[in-house]
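Scroll down for the structure; my scribbles are underneath it.
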Amino acid sequence: MVRRIGNFGFVESGGSIFTFNAASSASSRGWTPTHFSVRGRSKSTYAWDYITVNGYNIIPYGSDNDLPDVVVELLENFYAGEGIMGKKAGLQWGDGPRLYRDAVDADNTPYRAWTDDAAISKEFDRSDWRTQMHRCLIDLVHLEGFWVKFTRNRGGRIPGEGKIVKIEHVPAQKARFVYEGPGKAPRKVMIADFPTADPQTCHVYPLFDPHDPTRHPVSVAYYNIYSFGHDHYSVPRFIGAFDWLKLATTLAPLLLAYNENASAISKHIESPASYWAEHEQRIKDMCLQMGETYDPKMLDEFKDAAMERFAAALTGKENAGKFIHTSRFWNSDANDFEGWKITPIDNKLKEYIEAQMAICKKSEAAATSGFGLDPSLSNLILDTKLGSGSEKLYALKVYNATETAVPDMVLCRPWQAMLDCNHPGSDLRVGLYRRVVESEKNINPENRVKENA
């Protein structure tokens, strides 16, 4: 026997029951990679060396060429996902990008001497560099890498006149390396609306050459924090917490479904046979009066409609606290009392929900650990405890000392390349400025937060 509702169903065979779901993880997102020509096994984590899209062999980003979309789905379903990532981006950004020079103080300690240059700032402002850099930072925080497009000026072919005039952020969902062959480094990048990759909006650009930055009129570059064991693309730091993130998102839908359908799955309803026999006779009498032939399906349809109305009176949060009255009568033919009977089924729901809540708490802890951000900085309340001010201050200082240098270096590289190309010989550098956060006790009373709130 097979019973199916949509893509879900079950099969009863030989005393065993098997459930099935006709929608795979890929098709549940609305597409499958069947339109790709997939070839070449890879030794890496992902399944294929390349897939063919619009006549080009590209290196897939993820097992189904959709890792960025997988991350989007996971974080949007996890209630704190994008909030935590936003916190990380804010901590990385600080007060935004500035120009500086490397300097050394009297104790021979290196530091950044922050400065400004009107000509360079004007060049950067033309392409709205802070907005573009911040978008790159969002991708870097989520995926440990980002893509940018470099545009050269029209005089690039004249010796000494080549300059970079624009740097634009390219969303990670749209960029893939073009496969050059076994053991060969990529030299081109495809920009398309993956996973569908419409040929009308698909473009292939050369890879940016940092040693000859004005070689191509338009080129694309990928900057990333290297992920161990991955050849071309970096992967999120929390990739090991993907399953935990999925678990952390199960409790809310579970409780929502229970509140909508609780009684329907927790009651056993017994109806008297005489009730249906009486209505069957009424249906037959109506058929006789109307000149129609009685069909047993008419009784089945009446049963379905009656049970739906009966169940509607028992289910849903709008019926919480209501009661239903039934009566019983003596059936002399059956020598027993007959009537509607509703028997609660003990599903151990309290224990089940408590177990699910414990799993979700563990999932939240595992997920935040994977994000690499201290819970006191992410505003998560774990074990009913929110970090104190001193804990947050200490966590912030540790984070700034250990987690900002490498992302800062990677994020600023495109604009440093533009500065070096357009102003050769300049000693100016591009970096993110962050104020030093001090303890309240070390700040004059009139300047403390609580005095200025």
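The values are calculated or read from the model by the stated rules, or taken from the named source; none is laboratory data. The model shown is predicted, which means the values in this text are computed figures rather than measured ones. Every residue, glycine among them, receives a Cβ derived from its backbone with ideal geometry; neighbour counts consider all protein chains shown. SASA here: full protein model, heavy atoms, side chains in, ligands and nucleic acids out. Shrake-Rupley method; radii C 1.70, N 1.55, O 1.52, S 1.80 Å.
Per residue, what accessible area does segment 204-286 have, given a 1.4 Å probe and all protein chains present, in Å²?
Working: 4760 Å² over 83 residues.
With all protein chains present, segment 204-286 gives 57 Å² per residue.
Can you tell me the FRET efficiency between residue 294 and residue 273 if r is taken as the Cβ-Cβ distance and R0 is 22 Å, rounded to the nearest 0.05?
Numbers: r = 19 Å, r/R0 = 0.84.
For residue 294 and residue 273, the calculated efficiency is 0.75.
Whose amide H sits under 5 Å from the amide H of residue 170, counting only residues 5 or more places off or on another chain, with H placed in the peptide plane?
147, 148, 149
Enter the accessible area of residue 69 (Å², nearest 10), with the probe set to 1.4 Å and all protein chains included.
For residue 69, solvent-accessible area is about 50 Å².
To check my understanding: the extent here is largest minus smallest coordinate of the Cα atoms along each principal axis. What are those three numbers for segment 165-218, in Å, largest first?
The Cα atoms of segment 165-218 stretch 34, 33, 18 Å along their principal axes.
Going through the cross-link list 122/188; 88/149; 88/361; 174/362; 87/392, which pairs have a Cα-Cα distance over 23 Å in this structure?
Beyond 23 Å: 122/188; 88/149; 174/362.
5 Å is the cut-off here: which amide hydrogens, built 1.01 Å from N in the peptide plane, fall below it relative to residue 50, excluding neighbours closer than 5 in sequence?
For residue 50, whose amide H was placed from the backbone, the distant partners under 5 Å are 39.
With each label point set 7 Å from Cα along the Cα-Cβ vector, what nm distance links residue 54 and residue 426?
Distance between label points: 3.5 nm.
How many nm is it between the label spots at residue 200 and residue 402, if each spot is 7 Å from the Cα in line with the beta carbon?
5.2 nm
Evaluate Rg over Rh across segment 85-152, taking Cα atoms for both radii and Kirkwood's formula for Rh.
1.05
Could you work out how far apart the two model spin labels at residue 341 and residue 103 are, taking each label as a point 7 Å from the Cα in the direction of the beta carbon, and quote it in nm?
9.0 nm
Can you work out the FRET efficiency for the pair residue 215 and residue 131, with r the C-beta to C-beta distance and R0 = 25 Å, to the nearest 0.05?
Efficiency computed from Cβ-Cβ geometry: 0.40.
Give me, ordered by chain and number, the residues 5 or more places off residue 434 or on other chains with an amide H under 5 Å from its own placed amide H.
95
What list of ³J(HN,Hα) couplings, whole Hz, do you get for segment 291-297 from phi and the Karplus terms 6.51, -1.76, 1.60, once you set θ to phi - 60° and write x for glycine and proline?
After applying 6.51 cos²θ - 1.76 cosθ + 1.60, I find x, 9, 8, 5, 10, x, 5 Hz.
Could you state how much accessible area residue 359 has, in square angstrom rounded to the nearest 10, with a 1.4 Å probe and all protein chains kept in place?
Per-residue accessible area (residue 359): approximately 60 Å².
Enumerate the calculated ³J(HN,Hα) couplings along segment 358-374 in order (Karplus 6.51 cos²θ - 1.76 cosθ + 1.60, θ = phi - 60°), each rounded to whole Hz, writing x wherever the residue is Gly or Pro.
5, 5, 5, 4, 5, 5, 4, 5, 5, 5, 5, 5, x, 5, x, 10, 4
Please report Rg over Rh for segment 185-250, where both radii come from the alpha carbon positions and Rh follows the Kirkwood definition.
Taking Rg over the Kirkwood Rh, I get 1.12.
Please identify which residues in segment 220-254 have an amide N closer than 19 Å to a label point set 7 Å out from the Cα of residue 357, following the Cα→Cβ vector.
Of the residues in segment 220-254, 247-254 have backbone N under 19 Å from the label point off residue 357.
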